[in-house]
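Reviewing the structure listed below.
The values are calculated or read from the model by the stated rules, or taken from the named source; none is laboratory data. Since we're looking at a predicted model, the values are computed, not measured. All Cβ positions, glycine included, derive from the backbone under ideal geometry; neighbour counts span all protein chains shown. The area values use the complete protein model at the heavy-atom level, side chains included, leaving out ligands, DNA and RNA. Shrake-Rupley method; radii C 1.70, N 1.55, O 1.52, S 1.80 Å.
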Amino acid sequence: MRPEALLLEAGAEPVVRFDGVAMRYGRAPETLSDIAFSLAPGSFHFITGPSGAGKSSLLKLIYLAHRPSRGSVELFGRDVSVVAERDMPMLRRRIGVIFQDVRLLEHLSVFDNAALPLRIANRKPAAYRGDVAELLAWVGLGERMHALPATLSGGEKQRLAIARAVVGRPDILLADEPTGNVDHPMALRILRLFVELNRLGTTVLIATHDEELMAHARRPVLRLEGGRLTEGGS
Amino acid sequence: MSLDPQRWKPGPLLPAADARDGALVFVVAVLCFLSVLAAIGALAAGRAAEGWSQALSGTATVLVRPRGDQTSDAAAAAAAEALAGVRGVTLARALAGAEATALLEPWLGKDALPPDLPVPRLVAVDLDRARPATADAMTQALRQAQVDASVDDHSLWLEDVQRAAGLARWAAVGVAALVALAAAAVTVLATRAALAARREVLEVLHLSGARPGMIAGLFERRFALMGAAAGLFGGGAAAMIALSARLAGGSGGISPVTPVAWADALAAVPAPLAAGLVAALAARLAALNLLRSMSGA
Ligand SMILES: Nc1ncnc2c1ncn2[C@@H]1O[C@H](COP(=O)(O)OP(=O)(O)OP(=O)(O)O)[C@@H](O)[C@H]1O
Ligand SMILES: [Mg+2]
């Protein structure tokens, strides 16, 4: 068992902790300011707010695509600003991300896309082939495993992106508008998948505008407005 | 259609080559072609320069003036005999009177020379190329044999010719080096552009936790192969031209001015290696650079 997992069981360290965090793109004014919150291990949160409030930007700080301009971001109890560059890949493998713009690899089949994180983690295909097929069937892509992403509908692409994000059983799942392109029954199905993962120990953070989804899930909500947390901060 | 997971084999992490890669290979191939041609030109220029100075340094000319009591023929024969004994002379041959007159003809005309004019005689001397006799040694031998003669070992000319030859050689080497540098620079630029077009792939792999070295390695291998292929096409085409020039031009190459040798085609050998290396290195650095920019500034 990883030491982090022990801590996780002890409930000692938050999985994500922001303290006085700000971020900016280049020399532009701050997109996020004074962000402070924490996600306990095994928690399930939504983050919402108007378009342009900075939800995707906040997620970028967590999945290590951007660095804060001020304040500290901690993942699994470690301040990311002092994590050595060579340890970053291992940290990223513990984070599953569903990007708002999906970002599938267009030259790879549905099956290859879904299996990508396992492959990057150097797992043996023989050990995961069955799991990947099962997961794809679960998100309703069981008949499209050969297909290329370009031939999928918007909702199908989104479900593939979800499969890829969860296939490696990440410690944190970040989902940026994961139900933006699917109908309500499918949204509820996806929500059930997230709840299931969460039950298995994955910490979940979902950025969404979907009030219905949030109402249905009844989970704590972080609210961002104009780059500041107006609800759910610490 | 559904898939049998048991038979699934992972697909390639990088997209297959596309039209952009074709353009990259073409541009690099053309530049390799020009580089190798320039290198072959430099080799030929060097050989031509060598030829000029060798042709001059391997010979000397001795002008013999008959003394009052001597016929021209006797004086020339005496000079040739004296010179033949000098160390570093391989052959000394008195030119016959007719040959000497023939040499003057272009200046004086065919029938302008009275038959009894005492034309100075020439002795053509071939020198040992490894250790040629000096003009001083030859002059001394002639004096000892009491022949009135002056020795021209072409040293005056030789210096000029050698200077010109050196210049030609360096100019050719300079041109070849410049073309090779341009080829490398364009390879770097084209590689970067081709890589930037794959940015999304790179980013997804990166954010999924792939190590920078692994991602860079993917691109490195891909571009090394493309560079090597381009070098092979371009260098190969230039080598073919060199070989056909040698074939068509006989032992003189295209012409005595650019004597191409069979072995010059070997100048193409480094092209695939160099192009492959430059492209691989450029791809690696560009990939690592892009990845650094993706970790957020
Ligand atoms: N790559 C970028 N470069 C510069 N500015 C950016 C970039 N990405 C986002 N922004 C800006 O940052 C602000 C927050 O954007 P962000 O995408 O985080 O909002 P969001 O809350 O996710 O919005 P939405 O609900 O529309 O997805 C916006 O003003 C946006 O223009
Ligand atoms: Mg967004």
Just the Cα atoms of the protein assembly as shown: what Rg and Dmax do they give in Å? 40.9, 134
If r is the Cβ-Cβ distance from B:LEU181 to B:VAL269 and R0 is 22 Å, what FRET efficiency results, to the nearest 0.05? 0.70
The size of the Cβ-based charge dipole (Lys, Arg +1; Asp, Glu -1) of segment A:112-234 about the Cα centre, to the nearest 20 debye, is 480 debye
Among B:187-198, B:83-94, how do they line up from the highest to the lowest mean number of other beta-carbon atoms within 10 Å? B:187-198, B:83-94
One finds, for B:ARG7 and A:ARG78 with R0 = 41 angstrom and r their Cβ-Cβ distance, a FRET efficiency to the nearest 0.05 of 0.50
Size descriptor, Kirkwood hydrodynamic radius, that averages inverse alpha-carbon separations across chain B, Å: 24.7 Å
Once whole DSSP H runs in chain A are found, which of them have Cα atoms spread over 15 Å or more along the helix axis and a mean Kyte-Doolittle score of at least 0.0? A:110-120, A:125-138, A:184-199
So what does A:SER51 come to for accessible area, using a 1.4 Å probe and Å² rounded to 10? 110 Å²
Amide H to amide H, which residues 5 or more places from B:HIS154 or on other chains are under 5 Å from it, using H placed in the peptide plane? B:THR61
Positive-end extreme of charge dipole, segment A:100-234 - chosen from A:PRO220, A:THR208, A:SER109 (charges on Cβ): A:SER109
Based on DSSP H assignment, which helices of chain B show an axial Cα extent of at least 20 Å together with a mean Kyte-Doolittle hydropathy greater than or equal to 1.0? B:19-57, B:155-196, B:212-249, B:270-294
Could you state how much accessible area is buried at the A-B interface, both sides summed, with a 1.4 Å probe, in Å² to the nearest 100? 2800 Å²
Carbon plus sulfur, as percent of the 1.4 Å-probe accessible area of chain A, comes to 49 percent
Suppose every K and R has +1 on its Cβ and every D and E has -1 on its Cβ; what is the size of the dipole of the protein assembly as shown about the Cα centre, in Debye to the nearest 20? 1840 debye
Toward the positive end of the charge dipole of the protein assembly as shown, about the Cα centre and with charges on Cβ (Lys, Arg +1; Asp, Glu -1), which of B:ALA229, A:VAL15, B:SER53 goes farthest? A:VAL15
Would you pull out the residues with amide H under 5 Å of A:GLY71's amide H, same chain only if 5 or more places away, H placed 1.01 Å from N? A:ALA22
Can you sort A:ARG78, A:ARG86, A:ARG129 by solvent-accessible area, 1.4 Å probe, largest first? A:ARG86, A:ARG78, A:ARG129
Write down the radius of gyration of segment A:37-164 and its Dmax, each obtained from C-alpha positions, in Å. 16.6, 47
Under 30 Å between alpha carbons: how many lysine pairs meet that in the protein assembly as shown, if sequence neighbours fewer than 8 apart on the same chain are excluded? 6
B:ALA16 to B:SER155: FRET efficiency via 1/(1 + (r/R0)^6), r the Cβ-Cβ distance, R0 56 Å, to the nearest 0.05? 0.30
Just want to confirm a number: the relative contact order over chain B, from Cα pairs under 8 angstrom separated by 6+ residues, in percent. 29 percent
Work out how far the C-alpha atoms of chain A reach from end to end along every principal axis, then list the three figures in whole Å, largest first. 47, 38, 36
Selection from A:LEU174, B:TRP8, B:ALA98, by position along the positive dipole direction of the protein assembly as shown (Cβ): A:LEU174
Going by amide H atoms built from the backbone, whose H comes under 5 Å of the H on A:GLU231, apart from near neighbours? A:ARG223
Using alpha-carbon positions, the gyration tensor of segment B:17-58 gives root eigenvalues a ≥ b ≥ c; with a/c under 1.5 called rounded, otherwise prolate if a/b exceeds b/c, else oblate, the class is prolate
Cβ-defined net charge surrounding B:ALA267, 14 Å radius [Lys, Arg +1; Asp, Glu -1]: +1
Shielding of B:199-208 by partners, i.e. mean partner chain Cβ atoms within 10 Å per residue? 6
For chain B, with only Lys/Arg (+1) and Asp/Glu (-1) charged at the beta-carbon, what is the dipole magnitude about the Cα centre, in debye rounded to 20? 1800 debye
